[in-house]
Amino acid sequence: MASLTETPLIETNGLTLHFGGLKAVDGVDFRLHAGEIHALIGPNGAGKTTFVSLLSGRRLPQAGTIALGKEDITRLPAHERVRKGIAYTFQITSVFPRLTVFDNVALAVQSLGPRDLAARTRAALARVGLEGLEAQEAQTLSYGHQRLLELAMGLALNPRLLILDEPTQGLAASEIDDFKTLVRSLVPATTVLLIEHNMDVVMDLATRITVLTFGRVLATGTPAEIRANASVQEAYLGA
Amino acid sequence: MTGAGLKIWTLHLALIAVLFSAQYWLSPYHATNLARIMVLAVFAMGYNLAFGYTGLLSLGHALLLAAGMYAAGLPAQLWGWSAGPAMIAGIAGGGLIAAVLGLLALRTAGVSFMIVTLMFAQAGYLTLLYFAPVTGGDDGFAVAATSRTLLGFDLSTDAPRFLAALTIFAVGLGVSLALVRSPFGRTMVAIRENEERSRMLGYNPFTVKLAALTISGLYAGAAGAAYAILFGYVGASFATIQYSILPMLYVLMGGAGTTLGPFLGALVMFVLIEAATGITTAHQFIVGAALVALILFAPKGILGTVRERWLRWLP
Amino acid sequence: MTAAVLALAASGLSLVFGVMRVVNVAHGAFYMLGAVLAWAVASFVPGPPALAFIAALILAPLLVGALAAATDGLVLKRLNYDPEATIVATIGLLYMIEQAILSLYGPNANPVQAPFEWRIQLPWFGYSGYKLFVILAACAVLLALWTFLTRTKAGLVMRATQVDSTTARAFGINTDRVYMGTFALGAGLAALAGVLIVPIQQAHYLMGGDPLLLSFIVVIIGGLGSLRGTLIAALVIGLSDGVISMFFTPTLAKILATLLVAMVLVFRPQGLFGARA
């Protein structure tokens, strides 16, 4: 695990976004170190998705800062953050249903502007095991394959940080195993931030875990530390 | 080139070849009509790049057509420019106005975008009327014969005019096909399908849409300039709302998001109105009825339906 | 005077957009239909002009409303009220109505006699009694509309549909009927404005263009779908229209007004008087 003294990949300070009276994200200080698989857990409505929306730039915070390495990206538009290496895969599968599998991934590859577009696209597809399905329309894929396609699109962006929002939701047990193997193969080249409800996946994959409740950080630590944490048990795991 | 690519280019070249041969088997009257259809099809192809591929439903393309028409026609009228420079000025004029329009209108989307483009086009039309002493207003002006020659050919005569229209059409079609098959074409479609997802793949939707609209403006400008030079007339009536609706109608008819749809739509509408002329003079009624019928029963248009049912490889 | 008729026409457009999210490009055509129907009624109903006028006031909005209801059922509903598709469809409708009137009624402008002729003679100027009547009538209709929307059950149902049609449906509101009624009411208001204006302006098949543009301007400046904003904007614009025209040529005034509206929509989409939704 990376040393805590080096500059984190992502650092937020006092990050805040309220919707009317609802404190979705309320002064979150958060550090993400290069090369880790970091899980973000918490009860429904704890602000997990809102928090990663702030990281990815889909929403802008009302207060607080976000830094990528040493660079302040608090106000940077989402598409520029993607180009700086923050990739986001959607909670609800959001591939382009009427485009082919190839086109879906090629869109991600070409936004970086490389020369060997076709080769890189096929490589990203092969990495998630979707080779051979290039010419199919994405909407004809099974749900599990659509999730893999979504993942391939994220990987094709060649990200420094890959944010996965509930990636195993709706997957069969065997598919979850494949998914875990795949995520492990990404680090340390890519850092992974994972929102996940499946505690087995979290405890198995994560090197560190942050627990959010009511828009605030309740605890951060290794899986063992989180398991042993009394307030986490009370607020979340025990419930 | 892949097998599909070969098939696609062959189809498009075959169309050009058929159109080229048409001047030998069509009567001069119909050949002139075909030249007009090809010029209008260029306008519609530009509209299609914005609407069919990028999802920008503009109600203001008449402004871009008129921009090209006047950018070509006024220098010809005032300073005696010849066809070549006038044509280039027209294309540039269409692109420039489209870029300005886009910088403002693309801050909005959907219904607001439609109304804003409509309003700007209306303001453009009224401006042409306001400066009627120069623009000729609704009556317009005839382009002098000296400005209608290119490389020694008199573009006001049948054969050179037909060839010039065909050339512009062929270039427009080729560029359009290459564009939609390029990575940028893929990006345009992505913006149409899901803007937010495209943003999360690193694209700035605003710049993509601005580029698409500007390219669309280049097409509209080329069509306007070609109309001025080939048919010798420039007038503010080309800036009216009717000329914003026409390309939309052609594209809806032929198939939005298909490369050959705009031409097919223009051709079908022209033939439809021509055929109905014997029965009624109510052209506008046919246009209106066609719009309602298309949007209700065949929103994908002719080639869109053909592609869905039979020829999946159609671009 | 302009402001009153304008407010009436614009309120119909605003109502339709507010409740249904449909931009009715054929709104000006409904206005024109109202005027032409007023002429038709005046030509075919014998007796004093006042009687024919009252008949027109009742018949024209009803007929136009019925046409609108049919349009809603046959076209708009089938498009699931998709905003962009309905614009295309109403453009088609506008073309068909204009051409039909051109074919049936002809290209000429025809006058309709005012129901009464007297002038209010004040010491310093005279004022047409009919124009005063139009203002009062328009105000009365708008007041009635306001009361209808805020005080009656039907109005409540419409406002509920405007806020959230899915929930409204869950509470047993027949949104199909609400939409049809709203579209008919909006068209009826336009037709009523057309009837009221026709003794002052003549009935002509292209007369819908300017009011459509002005209605758009009013509705956008007032904030799309906000009836209160629409009324205020109609008043301001109706009054300022005259002011602007005094200083500029009508064409220049129109250019400025159109550009202003476009800019409002670009930079302040909630309108000048509305709060952000």
Positive dipole terminus of the stretch B:3-240, leading residue within B:ILE97, B:MET69, B:GLN122 (C-beta point charges): B:ILE97
Span from the the stretch A:162-237 Cα centroid across to the the stretch B:3-53 one, whole angstrom: 57 Å
Descending principal axes extents, the stretch B:3-240, alpha-carbon based, whole Å: 54, 51, 25
Cα centre as origin, Lys/Arg/Asp/Glu Cβ charges: the stretch B:3-240 dipole, Debye: 600 debye
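In what sequence, highest mean first, do A:134-146, A:37-49 appear when ranked by Cβ atoms within 10 angstrom?
Details: A:134-146: 15.7, A:37-49: 21.3.
Taking the mean over residues of other Cβ atoms within 10 Å, the ranking is A:37-49, A:134-146.
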Diffusion constant of chain A at 25 °C, which comes from Stokes-Einstein with the Kirkwood Cα-pair radius and 0.890 mPa s, µm²/s: 134 µm²/s
Leading residue at positive end of dipole, the stretch A:1-70 (Cβ point charges), from A:SER56, A:ILE37, A:GLY20: A:GLY20
Percent antiparallel among DSSP beta bridges (both partners in the protein assembly as shown, rounded to 5): 65 percent
Rounded to whole Å, sorted largest first: equivalent-ellipsoid semi-axes of the stretch C:2-205, Cα gyration tensor: 32, 21, 13
Cα centre as origin, Lys/Arg/Asp/Glu Cβ charges: the stretch A:1-121 dipole, Debye: 340 debye
Ranked packing of C:102-110, C:73-81, C:201-209, most packed first, by mean Cβ within 10 Å: C:201-209, C:73-81, C:102-110
Shielding of B:107-116 by partner chains, average beta-carbon count, 10 Å: 6
For B:LEU150, residues with placed amide H under 5 Å, excluding near neighbours: B:LEU155
Cα centre as origin, Lys/Arg/Asp/Glu Cβ charges: the stretch C:2-205 dipole, Debye: 420 debye
Taking chain B and dividing mean pair separation by its residue count, relative contact order in percent (alpha carbons under 8 Å, at least six apart): 32 percent
Restricting the stretch A:1-80 to GluC sites (Glu not before Pro) in coil, as DSSP defines it, with at most 15 other Cβ within 10 Å: A:GLU6
Geometric extent, Cα atoms of the stretch A:132-239 - Rg, Dmax (angstrom): 15.8, 52
Farthest positive-ward along the protein assembly as shown dipole, Cα basis, beta-carbon charges - from B:MET38, B:ASN194, B:VAL134: B:VAL134
Rel. contact order, % - alpha carbon contacts under 8 angstrom, at least six apart, the stretch B:1-94: 18 percent
Prolate/oblate/rounded call for the stretch A:1-98, Cα gyration tensor, a/c under 1.5 rounded: rounded
Relative contact order (%) - criterion: Cα under 8 Å, at least six apart; region: the stretch C:2-205: 46 percent
Residue-count net charge about C:TYR81 - beta-carbon cut-off 15 Å; Lys, Arg +1, Asp, Glu -1: 0
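Counting other beta carbons within 10 Å of each residue's own, what order do C:LYS254, A:LYS70, A:LYS84 fall into, fewest first?
A:LYS70, A:LYS84, C:LYS254
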Rg/Rg_globular for the protein assembly as shown, with Rg_globular taken as 2.2 N^0.38 Å and Rg from C-alpha atoms: 1.09
Other protein chain Cβ atoms within 10 Å, averaged over every residue that makes up C:82-89: 6
Cross-link pairs beyond the 25 Å C-alpha cut-off, checked among B:LYS7/B:LYS300; B:LYS300/C:LYS254; B:LYS300/C:LYS77; A:LYS84/B:LYS209; B:LYS209/C:LYS77: B:LYS300/C:LYS254; B:LYS209/C:LYS77
Share of Cα-Cα pairs in the stretch B:216-309 lying beyond 18 Å, as whole percent: 52 percent
Average beta carbon contacts from partner chains per residue of C:92-105, 10 Å cutoff: 5
Cα centroid of the stretch B:239-269 to Cα centroid of the stretch A:106-139, whole Å: 34 Å
5 angstrom amide H check on A:ALA39, placed H, neighbours 5+ away: A:LEU194, A:THR207, A:ARG208, A:ILE209, A:THR210
For A:MET153, A:MET199, C:MET96, order by how many other beta-carbon atoms lie within 10 Å, fewest first: A:MET199, C:MET96, A:MET153
Ordering of C:179-185, B:169-175 by packing [mean C-beta count within 10 Å, highest first]: C:179-185, B:169-175
Ranking of C:LEU59, B:LEU59, B:LEU104 by count of other Cβ atoms within 10 Å, fewest first: B:LEU104, C:LEU59, B:LEU59
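Once the other residues with Cβ under 12 Å from the Cβ of A:ASN13 are scored (Lys, Arg +1; Asp, Glu -1), what is the net sum? Display every interim value, and only then the final one.
Working: positive: A:ARG31; negative: A:GLU11, A:ASP29, A:ASP72.
The answer is -2.
We did not get these values from a lab; they are worked out from the coordinates using the rules stated. These figures come from a predicted structure and were not determined experimentally. A quick note on method: Cβ atoms are made from the backbone with ideal geometry, for glycine too, and the neighbour counts reach across all protein chains shown.
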